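A short worksheet on the structure shown next.
The values are calculated or read from the model by the stated rules, or taken from the named source; none is laboratory data. A quick note: this is a predicted structure, and the numbers were derived from the prediction, not measured. For neighbour counting, all protein chains shown are included, and Cβ atoms are generated from backbone atoms with ideal geometry for every residue, glycine included.
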Amino acid sequence: MMRKSLRDIPGKRKKGDGIDSGSTLRRISPLLTVACLLLLWQWISARELISPILVPPPSAVFQAFIDALADGTLLKHAAVTLEEMFYGLLLGVGIGLVIGYAIAKAPLLENILSPIIVAFQSTPIVAYAPLLVIWFGSGIASKIVTTAVIVFFPTLVNTIVGIRGVSPNLRDMMRSLKAGRWQTFRHLEAPSALPVILAGLKTSTTLAVIGAVVGEFVSQGSGLGYLVTLARNLYDTPLVVVAVLTMTAISLTLYGLVAYVEWRFLAWQRRPRP
Amino acid sequence: MLIFARLIIFAAMSLAIATSAQDEPVDERILLTFIPNVQFAPFYLGIEDGHFADAGFKVTLEHLQEPEVLDLVAVGQANFGIVSGEQVILARSRGRDVVYAFEWFQHFPVGLVYSSEVDLSDLTNLRRMTIGIPGRFGASYSGLTTLLGSAGLSEADIDLREIGFNAPEVFCLGAVDAAIVYVNNEPLQIGSLASTGDCGDVRAVDVITVASQVDLVSNGLIVSRARLQEDPDAVERMVSGFAAALQSAINNPAQAYLASLRHVASLPAEESLVSALEMAAERQREFLVSNPERDAIAQSRRELAADLAERFDRETLTQLQVLLNTIELWDADELGYSELASWQAMRDTLESMGFLDKGGGKLQDAFTNQFVAGRDE
C-alpha cells in the first residue's frame, strides 16, 4: 500500500503552490519567540522593574559578550567545556552503546546490571560529582567522567529499545538467509535501531553540557561553569548571563548537528515505500 | 456611667494591644553563607537565648552563596547578611551600595595547612610547592595572594591546583603538598586523619595563618545603605543583639554549643556530652558573675577543652574544638570594630589580583563603626 505523505493530504499546500505563509511562519517562529523575549527583557530593564543587579539589561550583556570575546576569555573557557563534552560524549556514548547492545541481547545481563545503572541514574549528579573529583582528580578527567556518566543512560536505554524493537519477522528472514551475527548486526539491527539511538544521542548531547558544567562547578579551574562562578564572585552579572547563553548556544548547536546527522543517515526513511 | 466605664475598658484594651504590638518582635531574616555549622553559634545563641528578641527581632537564618547574600541585601530583598570584607569591596565596585556594619571575625580565618615535616619557617620555601585551593576567587584566593606577596612570591612561583572544598581528601591523597583552608576547621579534620594514619605519610600538620602576616578585613554583618538611612534604629538594634550574642558565645562556648544543637543536625549530641556541657555552661555562668577579664575567660575556654579531652574521644570533640578555634578568631577587646588599615590591605590585595581597578570608591564608605558599642561617629 502506498503511504500517503503530508503533501498528498487534501487541503495542504504543496511546495511551489505559491507563498506558503503558514510554513514560513512556522520556520521563523523560533526567531520571533527569541525576539519577543529580548524585547520584553529590554522593556523590563528600561523601566527598572527588576534591579539591574539581578537582571542586567541586554545592552550590558551584549557589551560583556563583546569584551569577553575580544580578550579571549569566552573562547578559552568555551573550548575547555567543549573538550570535556567531546571526550565525555565519546566515553559515555561508547560505553552506553556497548552495554546497551549487550543487555538487549542478554536479558540476564539486564537483571544483573539494572540495579546499579538505575541507582546511578536516579541519584542527582551534583550529589556525587564531588566524589568523582576526589576519585579522578581536579583536572579534566573528573569532568569527562561526570559528562560520561550523565550521557550514558539515555544512550543505554535507547540502544536497548532500538535493538529490541527490531522486527522478529526480519530477524527470521535474516536467519533463513543464514546471515551471520555481524551481517545481522550490520544489515538489520544497526539500521533498524539507528532512529532510536540517534534520538538518544540528541538527549545525550544536551545533557553533556550539564555534565561538564557540574564538574566545573565542583572543581574549578576553567570552562564555562568556572566562568559563571568567577563572574558571580566578581559581581559581574552580565558576564554570568553571557556564559549561560554560551552554554545554551553550544547545547543547541550540538543538538542541531545530531539532528542533521539523523536527517542525512535516515534519508531512506523519508523515501516513499512501495 | 456605664458608657464611661465601657470607654475606659475600651481605651485600656486599645492601649494593651498597642503596647503588645510594639513589643512584638519583628520577623527578620539574616542571610548566612556555607551550611548550618557550629561556626555560626552566635546566631543560634542569639535566637535561643533571646538576644535578638531583646533587640526586637524574631530572627530566621538562611544559607546561600556569598554573592547571592550580598546581592539580595543590596537590592533590599533581605535586610541583613554576613559576607567577607573583600566581597563588600568587589560588590561596591560593581554598583552594590552595601555597608559593613559590624566586624564579626577580627582575624582573617584563612591559612595554609602543610605537613609538620616540611620546613616553612621561611615562606620562600613555598616556591615550587603544589598548593591546593578551592578556586581562584573569594577569601581563599585573597589569602593565598597575600601570603605569597608577604614572602615576595607570586602565583607563578607555585603549582596552584583548584580542588574545590575537598582539602582534607585531596591533601591526604598526596595530590598537593599544602592546601589553603579555613584555619578553624580543616586543619582539625586533617590533623585527626593524620593522627590515625589515614593521611598518607603525613603524621601531623602545621598551619600558617594569613592573619599572622597581614591584617585583612574578614567576615561581618552587612546592610544596604538604603536600609541604613531609612531605619538606622533597626540596624543599631540588630548590631547590638548580635554583639550580645557574640559576646555570650565567646564567654560561654559550652552554652553556644548547646544552642547550636537545635540548628545543626550533624553535631555530636551524645547524652554524656550534652550533660557534661550543661554542667560546664552552668559553671561558666557562675564564673562570669565575677566579671572576669578577657584573658581569664580565654583561660577558662582552654580549661574546658582540656577537661572534656580527658573524658571524650577526639572525634566526639572535633566540632566543639572547631567552635573554640573559631572563638579565637572572633575575640577582641572591642567586638565589631573595623580598622581602615585592614580594608586598605584587602583592597591592595584585590588590586594585585587584577580583580579591582586602582582607585575605586572610597573605602570609608564601605564600612561604619557607628553602631559598635562605645563608638559615636
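Table: residues versus (1) touching a strand residue (DSSP E or B) at 6+ places or on another chain (Cβ under 6 Å); (2) over 30 Å from B:Ala245 (Cα atoms).
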| position | (1), (2) |
| --- | --- |
| B:Asn79 | no, no |
| B:Gln87 | no, no |
| B:Ser93 | no, yes |
| B:Ile131 | yes, yes |
| B:Gly138 | no, no |
| B:Ser142 | no, no |
| B:Gly164 | no, yes |
Just to be sure before I move on: is B:Gln77 modelled with pLDDT under 95, within 14 Å of another protein chain (Cβ to nearest Cβ) and over 20 Å from A:Leu230 (Cα atoms) in the structure I sent? yes
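Yes/no matrix, rows are residues, columns are (1) more than 18 Å from B:Tyr44 (Cβ to Cβ); (2) at pLDDT 95 or above; (3) in contact with a Pro (Cβ under 6 Å, 6 or more places away or on another chain):
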residue	(1), (2), (3)
B:Ala234	yes, yes, no
B:Ala245	no, yes, yes
B:Ala254	no, yes, no
B:Arg285	no, yes, no
B:Ser300	yes, yes, no
B:Leu308	yes, yes, no
Enumerate the helices (runs of 4 or more DSSP H) found wholly within region A:204-274, keeping only those where 2 or more residues are more than 14 Å from every other protein chain (Cβ to nearest Cβ) and not aromatic (Phe, Trp, Tyr). A:237-265, A:267-270
Which of the following residues is touching an Asp or Glu at 6+ places or on another chain (Cβ under 7 Å), surrounded by 17 or more Cβ atoms within 10 Å (Cβ to Cβ) and not small (Gly, Ala, Ser): A:Ile210, A:Ile197, A:Ile150, A:Ile134? A:Ile134
Could you tell me which residue of region B:168-188 is farthest from the chain's Cα centre (by Cα), considering only residues that are within 14 Å of chain A (Cβ to nearest Cβ) and closer than 21 Å to B:His107 by Cα? B:Ala179
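Each row is one residue, and each column tells you yes or no for (1) touching a residue at least 12 places away in the same chain (Cβ under 8 Å); (2) out of contact with any His (no Cβ under 8 Å at 6 or more places or on another chain); (3) within 14 Å of chain A (Cβ to nearest Cβ).
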{"site": "B:Ile163", "(1), (2), (3)": "yes, yes, yes"}
{"site": "B:Val205", "(1), (2), (3)": "yes, yes, no"}
{"site": "B:Ala211", "(1), (2), (3)": "yes, no, no"}
{"site": "B:Val223", "(1), (2), (3)": "yes, yes, no"}
{"site": "B:Ile250", "(1), (2), (3)": "yes, yes, no"}
How many residues, within region A:158-187, are in contact (Cβ under 8 Å) with a residue 24 or more places away in the chain, over 19 Å from A:Val93 (Cα atoms) and either hydroxyl-bearing (Ser, Thr, Tyr) or touching a Lys or Arg at 6+ places or on another chain (Cβ under 7 Å) (or both)? 1
So which residues in region B:46-71 are outside any helix (DSSP H, G or I), more than 14 Å from chain A (Cβ to nearest Cβ) and buried (at least 16 other Cβ atoms within 10 Å of the Cβ)? B:Asp49, B:Ala55, B:Gly56, B:Phe57, B:Val59, B:Leu61
How many of the residues in region A:51-104 are within 14 Å of another protein chain (Cβ to nearest Cβ) and under 25 Å from the mean Cα position of the chain (by Cα)? 4
With respect to A:Gly200, is the statement that it is of a type outside the set (Phe, Trp, Tyr) and within 14 Å of chain B (Cβ to nearest Cβ) true? no
Residue ID - farthest from B:Gly164 (Cα to Cα), chosen from residues in region B:129-143 that are without any contact (Cβ under 8 Å) to a residue 60 or more places away in the chain and either in a helix (DSSP H, G or I) or among the β-branched types (Val, Ile, Thr) (or both): B:Thr130
Can you go through B:Ser266, B:Ser290 and tell me which one is in a loop (DSSP other than H, G, I, E, B), under 23 Å from the mean Cα position of the chain (by Cα) and either in the same structural domain as B:Val322 (by TED's automatic domain parsing) or loosely packed, with under 13 Cβ neighbours inside 10 Å (or both)? B:Ser266
In the list B:Thr209, B:Thr196, which residue meets the criterion of being hydroxyl-bearing (Ser, Thr, Tyr) and more than 30 Å from B:Asp348 (Cβ to Cβ)? B:Thr196
By residue number, the members of region A:91-106 that are in a helix (DSSP H, G or I) and either more than 21 Å from A:Ala208 (Cα to Cα) or free of Cβ contacts under 8 Å to residues at least 40 places away in the same chain (or both) are A:Gly94, A:Val98, A:Tyr101, A:Ala102, A:Ile103, A:Ala104, A:Lys105
Please enumerate the residues belonging to region B:195-239 that are surrounded by fewer than 21 Cβ atoms within 10 Å (Cβ to Cβ), among the small types (Gly, Ala, Ser) and part of a loop (DSSP other than H, G, I, E, B). B:Gly197, B:Gly200, B:Ala204
Would you confirm whether or not region B:331-342 contains a residue that is assigned to a helix (DSSP H, G or I), in contact with a helix residue (DSSP H, G or I) (Cβ under 6 Å, 6 or more places away or on another chain), away from every other protein chain (no Cβ under 14 Å) and surrounded by 15 or more Cβ atoms within 10 Å (Cβ to Cβ)? no
Just to be sure, is A:Glu110 at pLDDT below 90 and touching a helix residue (DSSP H, G or I) at 6+ places or on another chain (Cβ under 6 Å)? yes
Residue set A:Leu245, A:Leu224, A:Leu252, A:Leu257; condition farther than 25 Å from A:Ala64 by Cβ and either under 21 Å from the mean Cα position of the chain (by Cα) or touching a residue at least 60 places away in the same chain (Cβ under 8 Å) (or both); output residue A:Leu257
Pull up region B:123-147, narrow it to residues that are touching an Asp or Glu at 6+ places or on another chain (Cβ under 8 Å) and more than 26 Å from A:Gly223 (Cα to Cα), then point me to the one that is farthest from the other protein chains (Cβ to nearest Cβ). B:Asn125
Region A:130-185, residues that are part of a helix (DSSP H, G or I) and within 14 Å of chain B (Cβ to nearest Cβ): A:Pro130, A:Leu131, A:Leu132, A:Val133, A:Ile134, A:Trp135, A:Phe136, A:Ile140, A:Ala141, A:Ser142, A:Lys143, A:Thr146
